[in-house]
Amino acid sequence: MSLKGIILRHNKNTAQMPSEPLPLPNKVSIPMQQSIGAPCDVLVKKGDKVLVGQKIGDSDKYMSVPVHSSVSGTVTGISELLLVSGKVCKCVDIETDGEQKVIDGIKPPVVTDRDSFCRAIKESGCCGLGGAGFPTHVKFGFDDKKFSVDTLIINAAECEPYLTGDHREMLENTDSIFEGIAHIKKNLGIENVYIGIEKNKPDAIKLLSEKAAQQGGIKVVPLKEKYPQGAEKVLVYNITGRIVKEGKIPADEGVIVINVSTCGFIGDYMRTGMPLVSRRMTVSGDAVKKPCNVIVPLGTSFKKVLKFAECDFDGMEKAIAGGPMMGIDLFDLHDPVCKTHSGVLAFKKKNKEKEPLQTNCIRCGRCIEACPVGLMPTVLEKAFDNKDRETLKKMKVSLCMNCGSCTYVCPAKRNLAEKNQLAKALLRT
């Protein structure tokens, strides 16, 4: 397995900007699907009064996490949101009352063993805050007869350009991160813990190394500033030397990986009992006059967040939810912020005449050199165009992590990463 990757300009403009609370919006629209897995059923109706932390959506499916209200106010209706996948998800629309009253009964969960720990994590609404949105209780609820997990990796690489939310989490919520680690170690019986941080965050490396030295059994690992350093399989290999094979997950190699902000939330939740109702986001890009890190109530519109950062909407051409490499273009700024949104970037209009056009592949091999898992994107592109399923399987397109490195380095400006995702969809049909 050849873990290569690319060198990017990081543009971490907000790394030293402390997180600010976003002013409470007049209304929120909270989607019933904010993680990978089954969407939740709506538990409230129009006219209902809701409070902060109240469960407003849930599902009896194992691969799902409940949704809680981020505000206090009145339900004004149940709307629909068109997801990137093309599916439609229900949203609970709430008009806020400005009081932010918390529902009675919010208290630290009672945890006595691994099962009760996983139930508590599910009830918290916790999923991966790094962007993937995998339900955390599912990751923790591995079959210990099938998987022999001995290592926990805290993913604090934050290799995407512009994003600095995880960096601020490490500086602002250090104690909660280590509290989260302690709960995971105790309840899952994991011995070894590694915190992987890219070297462009020396203050975080220093702070967490000092804290880890007091704990024992925790090691901070400085990582090369190379994209996609934070990808699960890349991180597992670079920290432990273990290779997660095609079709396998880190647990097959005895490893669990969780994002550092997810770990910090677990520490907070185990101490307070407050479910996941807000998250830290980075707001940046050249169309933003006041780049910042903000704590955003879930369900707030992206437009509200960008307005807080003094975005030049007239001069803006594009907005991205997440980072520029793996983020998703926003076509409607009224869409709501979800648990998986680590940032929003806004960029000015470009001179279209100067943009290079897509040309034929010149067989330079840069995409192969850049691919962190050693795929051959040009071969995969041709196989997809020909609908050649056998070649796609043989050339292991399923290993593609959609990091976008191949498209980034391609001088012919071919949409290689996009074709890989379409190829994986082709194999699923």
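Look at region 267-293: where a residue is within 19 Å of P66 (Cα to Cα) and a partner is assigned to a strand (DSSP E or B) and not hydrophobic (A, V, I, L, M, F, W, C), sitting 6+ places away or on another chain with Cβ atoms under 6 Å, you get P275/H68; V277/H68; S278/P297.
Residues in region 386-413 that are farther than 24 Å from S85 by Cβ, in contact (Cβ under 8 Å) with a residue 40 or more places away in the chain and part of a loop (DSSP other than H, G, I, E, B): C410, P411, A412, K413. Kindly indicate whether any position in region 139-148 is surrounded by fewer than 24 Cβ atoms within 10 Å (Cβ to Cβ) and hydroxyl-bearing (S, T, Y). Yes, region 139-148 has at least one match. K122 passes every criterion in (1) under 26 Å from M32 (Cβ atoms); (2) touching a residue at least 60 places away in the same chain (Cβ under 8 Å); (3) in contact with a Pro (Cβ under 8 Å, 6 or more places away or on another chain) apart from (2).
On inspection, V84 passes the criterion of being within 20 Å of the chain's Cα centre (by Cα), in a loop (DSSP other than H, G, I, E, B) and not hydroxyl-bearing (S, T, Y).
Within region 21-40, the set of residues being surrounded by fewer than 16 Cβ atoms within 10 Å (Cβ to Cβ) and outside any loop (DSSP other than H, G, I, E, B) comprises P21 only. Only one entry in A319, A383 is part of a helix (DSSP H, G or I) and buried (at least 20 other Cβ atoms within 10 Å of the Cβ), namely A383.
Results for (1) farther than 15 Å from A417 by Cα; (2) polar (S, T, N, Q); (3) in contact with a Ser or Thr (Cβ under 6 Å, 6 or more places away or on another chain); (4) assigned by TED's automatic domain parsing to the domain that holds E418, shown as yes or no for each residue.
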site: F313; (1), (2), (3), (4): yes, no, no, no
site: P336; (1), (2), (3), (4): yes, no, yes, no
site: T340; (1), (2), (3), (4): yes, yes, no, no
site: K348; (1), (2), (3), (4): yes, no, no, no
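As for region 44-62, it holds at least one residue that is of a type in the set (S, T, N, Q), outside the structural domain of C127 (by TED's automatic domain parsing), on the phi < 0 side of the Ramachandran plot and surrounded by fewer than 19 Cβ atoms within 10 Å (Cβ to Cβ). So in region 88-107, with the set limited to residues that are of a type in the set (A, V, I, L, M) and assigned to a strand (DSSP E or B), which one is nearest to C338 (Cα to Cα)? Per the stated criteria, the residue is V92.
Taking region 201-303 and the strands (runs of 3 or more DSSP E) fully enclosed by it, the elements with 1 or more residues that are in contact with a Phe, Trp or Tyr (Cβ under 7 Å, 6 or more places away or on another chain) and outside the structural domain of C126 (by TED's automatic domain parsing) are at 278-284, 292-297.
The values are calculated or read from the model by the stated rules, or taken from the named source; none is laboratory data. Predicted model only: the values in this text are computed from it and were never measured. Heads up, the Cβs are rebuilt from the backbone with ideal geometry, glycines too, and the neighbour counts pull from every protein chain shown.
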